Each structure stands twice: as C-alpha cells, then as structure tokens.
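The block underneath contains the structure these notes are about, expressed in structure tokens.
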Amino acid sequence: MGKASRDKRDIYYRKAKEEGWRARSAFKLLQIDEEFNIFEGVKRVVDLCAAPGSWSQVLSRKLFLPAKLSPASGKFCLFGKVPSLLFAVSNDLIVKLITFYLIKICRDGDLPLIVAIDLQPMAPIEGVIQVQGDITNARTAELVIRHFDGCKADLVVCDGAPDVSVMIYSYWLHDMDEFVQSQLILALKLFFPIVTFAKPKSSRNSSIEAFAVCENYSPPEGFNEKDLHRLLEKVGSPSGADDLDCRSGWLEGPNKVYIPFLACGDLSGYDSDQSYPLPKVAEGTYQSLDPVQPPIAPPYKRALELKKASSHGIRELERLSLDS
Ligand SMILES: C[S@@+](CC[C@H](N)C(=O)[O-])C[C@H]1O[C@@H](n2cnc3c(N)ncnc32)[C@H](O)[C@@H]1O
C-alpha cells in the first residue's frame, strides 16, 4: 500500500504527520485528556512503553513546554493532587509494575518531570528523560523513582500491548482475554475508586483496544508495596482475603462490578474507520509527508537486513550462473 493511499484511508495517520506527531496514537491521549482532564496539575509523569514517543511528545507539549515558557516557571509551590493512572487494557503485570511507581507524596519541583520507558531506544524529546528498560523489571521502576527523588508520580500512562509472539487458538485467547480482563478490573478497583474504560475517537472501532482511566489512587489500608504480588494473587481467587473484599463473589449477582465505558474525543470529528479525500489530489499536487520520526532501532530491523542480504545473495548467485 502506498503512503498516499494510507493517508487517505487513515486520517489520523495523515494528521499526525502534518502536526509533527511520531505516531497517530498521540490523538488517543489528547482525546482522553479532553474527556478526563488528566494533565491538570501534573508535575511528575511516567510514560510506560513510550517508543516511538508520540505520547511523550504530548506530555512534553502539554506539560513541559508551557511550564518552560511560562514566566512563573521557577516558582515553588506545594502540590497534593492524588495520582492517576491510565493504561491500555492488557494484563495485571502492568498493574503490578505501575503500583511500584506510586510510592510517596512529596514537594513540587520547578518544571514537570517526564520519564519515558521502553525496551527500544527513541529519538530525544525536549523535557523527556528516557530510560531504556523493561517495565516489568523492578530495577527499571527503581530508576524512575530515583529520577523523581523518591517522590510519587502524579500520572502514569501506558500504551503497552502484551507481546503475543506464539500462536494461540483464537477461542482460547478470547477466553483468556476475558479472564485476564476480569482479573485486571478487580485489581484496578482495589487501588482506584474510579475506573472508567475509554475509547477515543481516534482508536479504530474495528479494534478492541480500550484504555482504562483510573483515578484517585488509594491503596488498601496498611498496603505495603512489597506485598503487592501476594495481594494480587488473591484478587479474584475464591480464597481472597475477606477484609480486602476481593473474592470472586465480586463478579456474581448483585456484587457484579460494572465499569463505565465511555467514547471520548469530538464524536462529530474525524472517524478513524473512514477514508477521507486527500487535499489537492484533483490537481495532482498532493504530497505525502514522511513519518515524523521512524523508530531508531526497531526489533524488525535485523529481519529487514537479513532479508535484504539474502535477496542480494540470490541476485549474486543468479548473476554468477548467468556469467558461467
Ligand atoms: C504501541 S507502542 C507504544 C506507542 C507509544 N505510546 C507512542 O505513542 O509512540 C508499544 C511499545 O511497547 C514497548 N514495550 C512492550 N513491552 C515492553 C516492556 N516489557 N517494557 C518496556 N517497553 C515495552 C514496545 O517496545 C513498543 O515500543
């Protein structure tokens, strides 16, 4: 498929290039913010699974750059917003990790601190500290906490998708998905009184993608993050501790947990599943833009090199056999 036809088929892909975003996902975060105002008062934020960096760009443009340009930057104030959390619905491992990042409330700094983590390196973004590492590794979490001087994050965003690299029968995957998602909901409700699933307008209807927006982090009384794994193991299991009210009975009868599901972004705006005509195409002057910043070391790079080398090798063999 040519770039221009993708521009036509995917309006958010085209708009992302026009507005300088590294990926169309930027619009998802912007539309979630339109609905939930997630950036209000945020001074410390973690972007999990950040590469190629469009969400980090949003954080930089929404938080860092305005603060840097503001004449009031440098003012010192106390800050007490309760942390929030937003992440793509995937698995409870992410919940475990994210909770590591939410440790202690402390004083405000000068400019907002943005820490972005990914397995992949990414090109620099103004005001964004990059940590290359695995979000499921506690050492990565410790690194981030060090960047925050031991303070708690106000906001954690995560756009990671589980790496399903093995073939699994789809019906099993579906059942597994339902199971994982119900576990996830229980885990989230344990830590956040307000949980909403959001579907931004820029997320295709044809995709089952949705984002969990979790507000007002309030862990169970006496919660010690060192016991997190033990606690989450109990979530949804019939032997779950009574005092945590996290038994599987939660999902039955009158105890059933309902999570609001909200569409967000301008609902009369661009539809991500629709094709739009390209501007100036009638005059034949439409110029498709290049992506703003392609991944700098994508995992598929080696595969492409090998493919290129092997097709070159085949051509070389063909040339030799013609010569002989
Ligand atoms: C959909 S992309 C994120 C796009 C990003 N939000 C943006 O706006 O540009 C998912 C990313 O998750 C990263 N990822 C997956 N598993 C990870 C892990 N365990 N630790 C860190 N990053 C991970 C991948 O390397 C990939 O870059």
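Rule-based calculations on the coordinates, nothing more; no lab input. Everything numeric here is computed off the predicted structure, so don't read it as measured data. Here Cβ is always computed from backbone atoms with ideal geometry, including for glycine, and neighbour counts include all displayed protein chains.
Worth a mention:
- For ALA67 and GLU142, the difference between the fully extended length at 0.36 nm per residue and the C-alpha to C-alpha distance is 24.4 nm.
- Length added when fully stretched, ASP323-ASN205, from 0.36 nm per residue minus Cα-Cα: 36.9 nm
- With R₀ set to 22 Å, the beta-carbon distance separating ASN216 from TYR258 gives a calculated FRET efficiency near 0.75.
- Label separation (ALA309 vs GLU40): 5.5 nm, computed from points 7 Å beyond Cα along the C-beta direction.
- Global geometry of segment 255-308, whether rounded, prolate or oblate, following the gyration tensor of its Cα atoms and the 1.5 cut on a/c: oblate
- Packing-based ranking, highest mean first, of 205-213, 288-296 given that Cβ atoms within 10 Å are counted: 205-213, 288-296
- FRET efficiency for SER268 and ILE194, using Cβ-Cβ distance with R0 set to 30 Å, rounded to 0.05: 0.65
- Positive minus negative residues near ALA26 (Lys, Arg vs Asp, Glu; Cβ under 14 Å): +2
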